[in-house]
1. Taking every DSSP beta bridge with both residues inside the stretch 27-240, roughly what % is antiparallel (nearest 5)?
2. Quick one: order TRP214, TRP177 by neighbouring beta-carbon count within 10 Å, fewest to most.
3. For a quick check of your reading of the filter: which GluC sites (Glu not before Pro) in the stretch 33-103 sit in a DSSP loop and have no more than 13 other Cβ atoms within 10 Å?
4. For a quick size check, give me the Cα extents of the stretch 27-240 along its three principal axes, largest first, whole Å.
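No value in this document is a laboratory result; all are computed from the given coordinates. Nothing here was measured: the structure is a model prediction, and the numbers come from that model. Cβ placement follows ideal geometry from the backbone for every residue including glycine, while neighbour counts extend to all protein chains displayed.
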Amino acid sequence: MRWVRTAILALIIIALAAPVVERPVEEMVRRGIAIEMLVDISSSMDCTIAGSGNEKLTRMEAAKVEVEKFVQKRDDDLIGLITFARYADTVSPLTFGHKALTQLVRDIEIQDRPNEDGTAYGDALAQACAQLQQMSEWQAGDEVEVIDSRIVVLLTDGENNCGLHLPQESAALAKKWAIRVYVISLGESDQSSGMTDAENLLENVAGITGGTFWKISDGDALRNAYAEIDKLEKSAITDSTVLHHQPVSIFYLFLIPALVLLLLDMILNATLLRVNQEAAA
């Protein structure tokens, strides 16, 4: 049948033209915080401090406990971990995999190599700022995490005495990129008899970036400092849906009918039409 073949040809031509239509696509978006946790692992972190009650533990032991607790409270946030002594090392990039991250926190060890001992928190802060600056949004499966806030939590018990970046330089980067820096100085004494030059510098780093500084000397004060940061930086996570249009090819809507008609034409020509032609002859 001529009209069937004409329809088949028309449908094939349309299919080969690869027609497309736009369809609405819903995408879930969450808004959270990106946090870099910086932990001093210099040899002085092996000094003993008072914990809860009469408990005695090292600065490192106390730090690991409180950092782990902090991470466990921040389910909706991207968190990274950087340790530093003479050199700064990224232990974990920014991640939502907090279960693995807490294990990495537990595995932190004090730097016991004399040639790698020191305190280079300027380098660690610069490294953290560079990683945070790269973050504007994070694709998590079918959802997009929009990073509205970026912060650094710096824990150290000493003064910056090595490294390539001065603390003032790194703090300037943080300020330029709108990254708040919260600083915890875990020192010998928490008495209000004045601060050392090293502590004044740490306070300045926090202040110029819009963060807060804590001078502490025991486990309870350390716990309170992390708890206060947790309150100050609550993740205002709001699930929302973004609607956008995505082009979708629909060539198959024309190709399939063409194939069906072609098959029908072949069947008719082999059966009914053939019988009619033989009868007419």
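1. Values: 13 of 42 bridges.
Roughly 30 percent of the DSSP beta bridges within the stretch 27-240 come out antiparallel.
2. Values: TRP214 21, TRP177 13.
Placing the least packed residue first, the sequence is TRP177, TRP214.
3. Details: sites: GLU36, GLU55, GLU61, GLU66, GLU68; in loops: GLU55.
Loop-located and lightly packed - GLU55.
4. Cα extents, longest axis first: 52, 37, 34 Å.
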